[in-house]
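To start, the structure under review is shown below, and the notes come after it.
The values are calculated or read from the model by the stated rules, or taken from the named source; none is laboratory data. None of these values were measured; they are calculated from a predicted model. Cβ placement follows ideal geometry from the backbone for every residue including glycine, while neighbour counts extend to all protein chains displayed.
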């Protein structure tokens, strides 16, 4: 009797007898009722470790316990802090799950799901899967247990039984597809689909050959060869659908797709199993033979055998073959008759005089042959005489000797030579005439191609001429031995403090800054205020000085010198003594100031600061019209007017002019003002009138 009572009591006190839903788990939200306490108004969520965080008390482990047990533990913990806990009770506010989502998802993290949440909801809360995720081999990790499930089958069928039930603490792992390879990169759905969707080739169907998207595709039970071809986006226009090869566990089979589509006989479909390989061959046309076939071969666009019928003409057959191509010699067409006779036909003569040059009669079994042009066949130079050929040499891709016709142009010849090379100097193409004098002419092809022009401006060539394309020189810093290839008339010299001093090719389309850039620009020690340019391309030498610093400040293009081939540019290095003695580095202050003179230029000073250095204007100074002279080039100056009086009464820094090195500031005297001069004139006139009146009275 005691044993029975003990077993009965054990049944009702053991946790095994309780329903699993009565135990607290991670993710559950517990509501603890404590009247008058604001900290207990919101529910407490059980974290992944099974704890809740209580105010004033701290963490309390509740996972795996019933509400009754937790209530007793709460009373014991809270009674230390709170006086009245008589109305304390606890209940489930929400039953939620804490699930960790890892692997090939956009936002791997721990997510919270409702009580009935499933795998799809967890993946959605993790931002969804990345392109390239493997859907048929997902993992559910629950402690040491790993459950493999096919999420793709769930998406195809909608069957919830395909997904494992989730519990708090579970980990969902989404693997990447083997199609993504071992390199991290961005994939798109189209590129992945092109390679198929199978993860295991032993359990997949491989389709290749003349299909639009060959690849390896997942096998689905009941799958047919039609469905396999559709997964590969169907066959191409070149596919031989009558001889599709199906290779499985047994001997290869041949499947005639055209026959199946004509009859609809399901028995003609071969069985598809996991591991099956389907090959779609390319369509190969059989050679046509027969008494009504005409053969067209040689230099036509579509040589082959064509069906002949009564009334068909030579032009009909030539049109069926796509017509002659660019290499065909239409003046030497041959027609081989079935009885062995051979006829020659000149298509050019027919186009000029069709009445006297009729088409040859074409019958079944005839052969039409269009030979290649003679100038397309490589032959000895002795075949073409000197007065029928023209030579093109130098920096072209295929230099040589070409047959010349008066209807051809310079560009036709260049096209035959396959164009210039990358190093060709297009600005100075040399033509040596066949006039016995050896006179050289030069043509700027680069300018013609970029700017355009009349075709009549192209060089007028004739048989026997020679066209020479010279090469541009290499980098002068390490190929100085090759300078001899470049004529001095086409060169310009840049010396001194530049990155790569030397001799450079120059033409009329380039300017000073182009050349300076080619020489890698000035060095850090370059004195760009005193650049010297020696102009040697005239009857006499001339030297000019460039202040490149002023050009960069003002942007005045007139400051840049015009350089021509043969000129020399020298950029000196900075010299401390030279800067002190050079007049370009000073500012001159003249006129009605206390200390007129020359002052060292300082870019931080404006006109007011410089006048202060000169002791300021005198009492007789006319500050309404201060004149500032700026040198622009060798023989050019510009003047600016500054109204200092207006600036002092209504200060605005935008009114202060910029002062440059070498400027001259002149402050006129009050007597030089227009008003003073007017008063002088009026005073003189008044004196004359007074004298006149006095004289009249006498």
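Only a single criterion out of (1) modelled with pLDDT under 80; (2) not assigned by TED's automatic domain parsing to the domain that holds residue 534 is not satisfied by residue 487, namely (2).
The rows are residues; the columns are (1) surrounded by fewer than 16 Cβ atoms within 10 Å (Cβ to Cβ); (2) part of a strand (DSSP E or B); (3) touching a strand residue (DSSP E or B) at 6+ places or on another chain (Cβ under 6 Å); (4) modelled with pLDDT of 85 or more.
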{"position": "529", "(1), (2), (3), (4)": "no, no, no, no"}
{"position": "549", "(1), (2), (3), (4)": "no, no, no, no"}
{"position": "552", "(1), (2), (3), (4)": "yes, no, no, no"}
{"position": "577", "(1), (2), (3), (4)": "yes, no, no, no"}
{"position": "619", "(1), (2), (3), (4)": "yes, no, no, yes"}
{"position": "627", "(1), (2), (3), (4)": "yes, yes, yes, yes"}
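For residue 583, the conditions (1) modelled with pLDDT under 80; (2) under 30 Å from residue 561 (Cα atoms); (3) touching a helix residue (DSSP H, G or I) at 6+ places or on another chain (Cβ under 7 Å) are fulfilled apart from (3). I need a count of the residues in the stretch 387-401 that are touching a strand residue (DSSP E or B) at 6+ places or on another chain (Cβ under 8 Å) and free of Cβ contacts under 8 Å to residues at least 40 places away in the same chain. Number satisfying all stated conditions: 4. Candidates 135, 116, 166: the one that is without any contact (Cβ under 8 Å) to a residue 12 or more places away in the chain and either in a loop (DSSP other than H, G, I, E, B) or under 18 Å from residue 25 (Cα atoms) (or both) is 116. The residue that is surrounded by the fewest Cβ atoms within 10 Å (Cβ to Cβ), among those in the stretch 634-654 that are over 22 Å from residue 560 (Cα atoms) and modelled with pLDDT under 80, is 654. The listed residues are 464, 433, and the only one of them that is crowded, with 17+ Cβ neighbours inside 10 Å and over 30 Å from residue 326 (Cα atoms) turns out to be 433. Filter the stretch 410-425 down to the residues that are within 21 Å of residue 510 (Cβ to Cβ) and touching a strand residue (DSSP E or B) at 6+ places or on another chain (Cβ under 6 Å), then identify the one that is modelled with the highest pLDDT. Only one residue tops the list, namely 420.
Taken as a whole, the structure places residue 301 among residues that are exposed (fewer than 12 other Cβ atoms within 10 Å of the Cβ) and either farther than 18 Å from residue 242 by Cα or out of contact with any helix residue (DSSP H, G or I) (no Cβ under 6 Å at 6 or more places or on another chain) (or both).
Only residues that are closer than 16 Å to residue 173 by Cβ, touching a strand residue (DSSP E or B) at 6+ places or on another chain (Cβ under 6 Å) and surrounded by fewer than 18 Cβ atoms within 10 Å (Cβ to Cβ) were counted across the stretch 71-109, and they come to 3. Taken over the stretch 151-170, the residue count meeting the criterion of being within 18 Å of residue 129 (Cα to Cα) and touching a helix residue (DSSP H, G or I) at 6+ places or on another chain (Cβ under 6 Å) is 3.
Within the stretch 202-226, if we keep just the residues that are surrounded by fewer than 18 Cβ atoms within 10 Å (Cβ to Cβ) and either in the same structural domain as residue 154 (by TED's automatic domain parsing) or without any contact (Cβ under 8 Å) to a residue 40 or more places away in the chain (or both), the residue that is nearest to residue 154 (Cα to Cα) turns out to be 220. Considering (1) on the phi > 0 side of the Ramachandran plot; (2) at pLDDT 85 or above, the lone condition that residue 395 does not fulfil carries the number (1). Of the strands (runs of 3 or more DSSP E) lying entirely inside the stretch 44-104, those carrying at least 2 residues that are free of Cβ contacts under 8 Å to residues at least 40 places away in the same chain are 51-54, 58-61.
Scanning the stretch 55-66 for residues that are buried (at least 16 other Cβ atoms within 10 Å of the Cβ) and either farther than 16 Å from residue 23 by Cβ or in contact with a strand residue (DSSP E or B) (Cβ under 9 Å, 6 or more places away or on another chain) (or both) gives 60, 62, 63. The residue that is farthest from residue 365 (Cα to Cα), counting only those in the stretch 304-315 that are surrounded by 14 or more Cβ atoms within 10 Å (Cβ to Cβ) and free of Cβ contacts under 8 Å to residues at least 40 places away in the same chain, is 304.
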